[in-house]
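Worksheet: one structure, shown below.
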């Protein structure tokens, strides 16, 4: 740029150059903005809420009737930064949870980020409620209902009512404990040593309803924290494909009651 | 349209009022939808640059002679850049001081700003807009067009009036910006008045805006709640250095002096009053928001 040259030519050259740079940026921004930030899998039915229409307090979004035990999968995303609360309320039991309510606190979750959960509901009705302030943006909820196998539901219902010794087929018990009076902090209750990549099935059940209970799986750069707790007492048939290495299953129990059982599938212990 | 040899205060005041109103209205509509970067570009190109350019074309004004779109010496360019950086520190100090005062006396604005579309592209547009576009377009408008009009009305103080109008326009960015922007506006006006070249104020403006980007974030964090004592010295030092630099610029004789405007026309007065009322309303709205009267 020659500052000795006419200023007028220089200024208009800069302005034109700026337009040549700026207009493509605006176009690129508009194209990116028009792409939906939501990635709800196609198998889900979708419910979209425009959050800009007003404040909401426990507004009913969805009510469904379940004739039989059902696994309800939820997939929740939002392109709004502010906090929203989505509440699932069931007239029947929610296996593994105390009470009939499950809360989701949702902030901005788009593209590959989402809040997802699968809950096993007894026959009855379930509903989704939304509490949010008026804000720009949308909330999208994907939901899918799958009829649960009756025998499986009965097995899990027993576990839910405290009969923890009901593992799924192919699982074997590796640990059990009475949590009453047990005060431990991240105590290793089982170690997996994998010489090669394996798919391991893990089921953990607890009947604790008070105190602090947490089962964590830690190792080789991967962590699964809070697999079960007093709020979510059933972790059933969680399948993990683990690379070679050592994995520790740790238990934290403080002032808890009830029992805890740990089952595995697909892991061959070296004896 | 009656042809004039150069801008009149009436033309300046009408366009100034329209620019202020349209900028505010347009920003309310476009900023949340298109982003603050795109909104800035629309404001600068369409509402700031285009009107004086079109008027010059219609009136047959020479941009070099009437708007002083001329070159200047290398020394003046360098002094302008340095003055822009040094006076920015003083402006930042005043802005922060004003913010602390208003927060303490009137309260913080409680309502959340509406969500604005943001992205990497918007950030790039904003940066380019602040450092390149705004200095060029706003200097065209305020020092090229408005100052030329007011210097016909008051050769001695025209640049001061134009500088204050520039500062008052920044009430659209908040009450805290009025005094600092006026100070910067008067300094830029002086540069153009002395050197007869819009290039000096453009460079000054670029340097000040670049300083805002480079130093504003860091300084903003360190002065968020209280003003450390070193900021007083930096602000005073910046002001003194700027005065020295401005006094050091090489003056250029005014080569073309269109007939002076002896008094402001009734239409000019009307639109000046309307603009003042509009800005007072904007200021009152912010005060009300701070007091929690409105959400």
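Values quoted throughout were computed directly from the atomic coordinates according to the rules given, and no laboratory measurement underlies them. Predicted model only: the values in this text are computed from it and were never measured. Using ideal geometry, Cβ is built from the backbone for each residue, glycine included, and neighbour counts are taken over all protein chains shown.
Annotations
- Measuring how big the stretch B:76-197 is from its alpha-carbon positions, Rg and Dmax come out at 16.3, 46 Å.
- Taking all Cα pairs closer than 8 Å and separated by 6 or more residues, the relative contact order of the stretch B:1-106 comes to 25 percent.
- FRET efficiency for residue A:165 and residue A:53, using Cβ-Cβ distance with R0 set to 60 Å, rounded to 0.05: 0.75
- Calculated mean residue ellipticity, 222 nm, the protein assembly as shown: -14000 deg cm²/dmol, from DSSP H runs (n ≥ 4) at -39500 (n - 2.57) each, averaged per residue and rounded to 500.
- 10 Å Cβ neighbours from other chains, averaged over peptide A:25-31: 6
- Pairwise FRET efficiency - residue A:187 versus residue A:154, Cβ, R0 = 41 Å, nearest 0.05: 0.80
- Shielding by partners for peptide B:33-42, expressed as the average number of C-beta atoms from other protein chains within 10 Å of each residue's C-beta, is 3.
- Calculated from the alpha-carbon coordinates, the protein assembly as shown shows an Rg and a Dmax of 33.9, 106 Å respectively.
- Part-to-part distance (alpha-carbon centres) for the stretch A:170-238 and the stretch B:121-172, which is given in Å: 67
- The distance between label points at residue B:59 and residue B:270 comes to 1.9 nm (points 7 Å beyond Cα on the Cα→Cβ vector).
- Radius ratio Rg over Rh of the stretch B:1-68, counting only Cα atoms, Kirkwood formula for Rh: 1.07
- Normalised contact order of the stretch A:154-265, rounded percent, pairs of Cα under 8 Å and 6 or more residues apart: 42
- Chain B: angle of helix B:178-195 to the longest principal axis, Cα-based, in degrees nearest 10: 30
- Each part reduced to its alpha carbon centroid, the stretch B:56-114 and the stretch A:70-100 end up 52 Å apart.
- Label point distance in nm, residue A:248-residue A:44, each placed 7 Å from Cα along Cα→Cβ: 3.6
- Against the main long axis of the alpha-carbon atoms of chain A, helix A:7-34 sits at an angle near 30°.
- Extension reserve of the residue A:133-residue A:12 stretch, reckoned as 0.36 nm per residue once the Cα distance is removed: 38.9 nm
- Residues of the stretch A:114-155 with an amide N closer than 16 Å to a point placed 7 Å from the Cα of residue A:63 along the Cα-to-Cβ direction: A:124-130.
- Of every Cα-Cα pair in the stretch A:154-265, the percent that sits beyond 23 Å: 23
- Using only the C-alpha atoms, the convex hull of the stretch A:90-231 corresponds to 180 Å³ per residue.
- Relative contact order of chain A, taken over Cα pairs closer than 8 Å and 6 or more residues apart, is 19 percent.
- Degrees, to the nearest 10: A:150-160 long Cα axis against longest axis of chain A: 80
- Legend: P(r) of chain A from all alpha carbon pair distances, 10 Å bins from 0, whole percents, reading 6, 22, 25, 21, 11, 6, 4, 3, 1.
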